[in-house]
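Derivation of every value follows stated rules applied to the coordinates shown; laboratory data play no part. All values reported here derive from a predicted model rather than from experimental measurement. Using ideal geometry, Cβ is built from the backbone for each residue, glycine included, and neighbour counts are taken over all protein chains shown.
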Amino acid sequence: MSGVRNRRRAERQDRRLAAGRGVMAAAASAVVALGTVAGLVSTAGRGGEDGTARPEVRSSPVTVPLPARPSRTPSAPEQSPAPSPSPAAPAVSATPSPKSRPTGGPRTPAAAGRLYRHPQSQVLDWVREHRDDPRRPLIESRIAAHPAAVWFPEYDPGRIAGRVRAVTSGAAASGRVPVLVPYAIPDRDCGGASRGGAPDLAAYDAWIRQFAAGLGDGPVIVVLEPDSIALADCLADDRRAARYGSLARAARTLKAANPRARVYFDAGHSGWHPVAKQAAELRAAGAATSGDGIFTNVSNFHGTAEEARYARRVLDALGGPPGLGAVIDTSRNGNGAPRRGAWCDPAGRALGRAPTTGTGEARIDAYLWVKLPGESDGCRGAAGTFTPDYAYDLATG
């Protein structure tokens with residue numbers, strides 16, 4: 001009988017995971033399929049004319065189709081100058097409607113400033129190679145011209161500091177704020193398609209110390225380990241507690257290395273966990289005392305207003321100092337979430353608010369493009385690859 005009970009318990013857990021993730025995951029599941037994500041930077045054996053390490057970004061993140069999983073990933077391949085956007089094509093507006101502005105005005109986050117667009121990405125490659133494509137002007141101005149996060153999904157001790165430094169130094173030289181995504185927590189993705197990460201938490205702690213060594217001293221935004229908290233139910237209580245301790249240490253390490261870094265913890269999205277549960281898990285992970293707030297909607301589709309309400313409720317329940325804020329992934333949420341369970345390049349989606357640290361919303365520090373629009377979840381194109389038809393649909397949605 002104990003075997004039957006255990007099997008039924010495992011089946012119930014699988015169903016809860018599938019339902020909880022809802023639309024939220026797919027692209028990160030692709031990290032493993034190609035072995036690296038867009039935004040992965042390598043400085044090995046490369047040097048710039050000024051003697052500084054120059055980034056070499058490898059193939060983009062991929063997504064392996066899985067039932068009712070979330071989605072994630074950004075971009076950055078092949079090095080060459082970024083194209084200038086077409087002036088004729090209008091960019092997506094980042095200005096919130098007057099009704100949404102708080103009367104007292106929001107605080108200014110420490111990392112406020114223009115966000116950094118990494119000079120390598122699949123969309124930039126496509127724009128350079130398809131100058132005569134009629135879709136190019138719109139894709140260029142509405143997607144390629146905007147900054148996106150840079151992901152670091154590879155456990156690469158000894159090299160990670162240089163990879164991070166290549167991005168932060170480029171951002172500092174341009175007077176911009178980079179968005180970095182460390183993604184190497186052990187037991188990543190609960191053993192799903194994005195399984196991997198550091199071999200254990202001691203190795204992860206050491207990797208994060210090296211990551212921190214590349215942060216420099218300029219403003220930087222860190223989206224710390226997507227899914228590491230919202231998707232932690234698969235871990236036994238002791239392993240979950242150990243992970244949360246490591247996340248708290250990671251945030252303190254990053255901020256000690258660069259006091260201008262703003263570090264945000266995983267809060268899933270508004271369609272996943274109830275506010276009280278998500279806040280309790282965040283509190284256990286040190287989000288109230290070790291970082292600067294939370295992030296939501298990574299690679300998902302929930303509307304910005306919906307996510308902002310959810311984030312503020314989670315922050316209220318979380319407690320902590322009054323300066324804690326939230327950042328929201330708005331890369332594909334212009335038309336809100338699709339029908340329940342649709343996660344793989346769902347039809348009818350659109351670009352959301354353009355990336356900015358000037359949201360005009362109380363306690364919302366930034367709208368970010370953590371997932372680069374146009375990189376497929378695996379249905380419109382090969383998982384993790386830039387798909388111009390999909391990008392064009394998002395840009396015109």
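Does anything in the range 383-397 have its amide N under 13 Å from the 7 Å Cα→Cβ label point of Glu129, and if so which residues?
From the range 383-397, the list is 385-388.
For Asp200 and Ala382, calculate 0.36 nm times their separation in residues minus their Cα-Cα distance, and state this gained length in nm to one decimal.
62.4 nm
Modelling each spin label as a point 7 Å along the Cα-to-Cβ direction, I'd like the Ala305/Leu235 distance in nm, to one decimal.
Label-label distance for Ala305 and Leu235, simple model: 3.7 nm.
Just add up the charged neighbours of Arg131: K/R +1, D/E -1, any other residue whose Cβ is under 15 Å from the Cβ of Arg131.
Residues close to Arg131 contribute a combined charge of -2.
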